[in-house]
Structures are given as structure tokens and as C-alpha cells.
Amino acid sequence: MNQKYEQQMKKGVLEMLVLKLLEEEEKYGYQLISELKEKSDGMFLLKEGTLYPILYRLEDEAFVESRWSEPKGKEVSRKYYAITEKGKGEIGELKTLWKRFSQNVTEIMQME
């Protein structure tokens, strides 16, 4: 039962976390997957089939933009994603919302 709830909770924060990672610098998909795993001590283990729809939604909303890299030697071209000014504004709003949300959940969970 815990796994079901954990999955639902994760769905609600993935877009926010992806935007936060892109705030640092532009990244490609596998890089985002690796960083989410590493920075969350393995809590956020995403598959490509989960990440790319998130990136496409964020791009549709103009929160991120993408570009293809130029292949060098035997290296293949990669699609990089970068946060836009609109996305930076959104991450600010999401941080505020998350603080309020987590604070209220914590308060209720600590009630006796």
C-alpha cells in the first residue's frame, strides 16, 4: 500500500524537480534521470518513459526549450533542455506553493 501512495506523491513533484535541476544549467534526458536518482538517494528512479512526457509538457507550456547538440566525432547528437524565463517564474511560484503545502501536511501529521 505504501508504494501506491509513494508513486502518487512523486507524480505531484516531478515537474517541479525537473525545473529545479534545469535552473542550474541545461541538461539532456539521461543526465536529468541520473541527477534525480543521485540527489534523492535513489527515491526518484525515473524511466525515460516517465521523464520525456514531463519534458514535452514543460516545453508545450514554454517553461523549457530544447536544442540538439552538434555531434562531435563518434558522439551522437543529444537533445538538451534549458529553463526559460517563464519557467524561472514558474519555479519561484512552485517553491512557494511547495513550502505552504509541505508545512500544512507536516502540521496535520504532527497533530495528536
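Contact map, region 89-112: first residue farther than 18 Å from Leu22 by Cα, second residue part of a loop (DSSP other than H, G, I, E, B), Cβ cut-off under 7 Å, separation 6 or more or different chains; the map is empty.
Looking only at region 14-29, decide whether some residue is of a type in the set (Ser, Thr, Tyr) and either in a helix (DSSP H, G or I) or under 15 Å from Arg57 (Cα atoms) (or both). No, region 14-29 contains no residue that is of a type in the set (Ser, Thr, Tyr) and either in a helix (DSSP H, G or I) or under 15 Å from Arg57 (Cα atoms) (or both).
Yes or no, residue by residue, for (1) within 11 Å of the chain's Cα centre (by Cα); (2) of a type outside the set (Val, Ile, Thr); (3) modelled with pLDDT of 95 or more; (4) buried (at least 16 other Cβ atoms within 10 Å of the Cβ):
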{"site": "Val18", "(1), (2), (3), (4)": "yes, no, yes, yes"}
{"site": "Glu48", "(1), (2), (3), (4)": "no, yes, no, no"}
{"site": "Leu58", "(1), (2), (3), (4)": "yes, yes, yes, yes"}
{"site": "Ser77", "(1), (2), (3), (4)": "no, yes, no, no"}
{"site": "Lys86", "(1), (2), (3), (4)": "no, yes, yes, no"}
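Taking the condition over 11 Å from the mean Cα position of the chain (by Cα) and surrounded by fewer than 13 Cβ atoms within 10 Å (Cβ to Cβ), does Glu24 pass? Yes; evaluated as a whole, the condition is true for this residue.
Any chance region 34-49 includes a residue that's assigned to a loop (DSSP other than H, G, I, E, B), free of Cβ contacts under 8 Å to residues at least 12 places away in the same chain and farther than 26 Å from Gln3 by Cβ? Looking through region 34-49, none of the residues is assigned to a loop (DSSP other than H, G, I, E, B), free of Cβ contacts under 8 Å to residues at least 12 places away in the same chain and farther than 26 Å from Gln3 by Cβ. Out of Gly87, Gly92, I need the residue that is in a helix (DSSP H, G or I) and closer than 25 Å to Lys37 by Cβ. Which one? One residue alone meets the criteria, Gly87.
The values are calculated or read from the model by the stated rules, or taken from the named source; none is laboratory data. Not measured: the values here are computed from a predicted model. We place every Cβ from the backbone using ideal geometry, glycine too, and count neighbours over all the protein chains shown.
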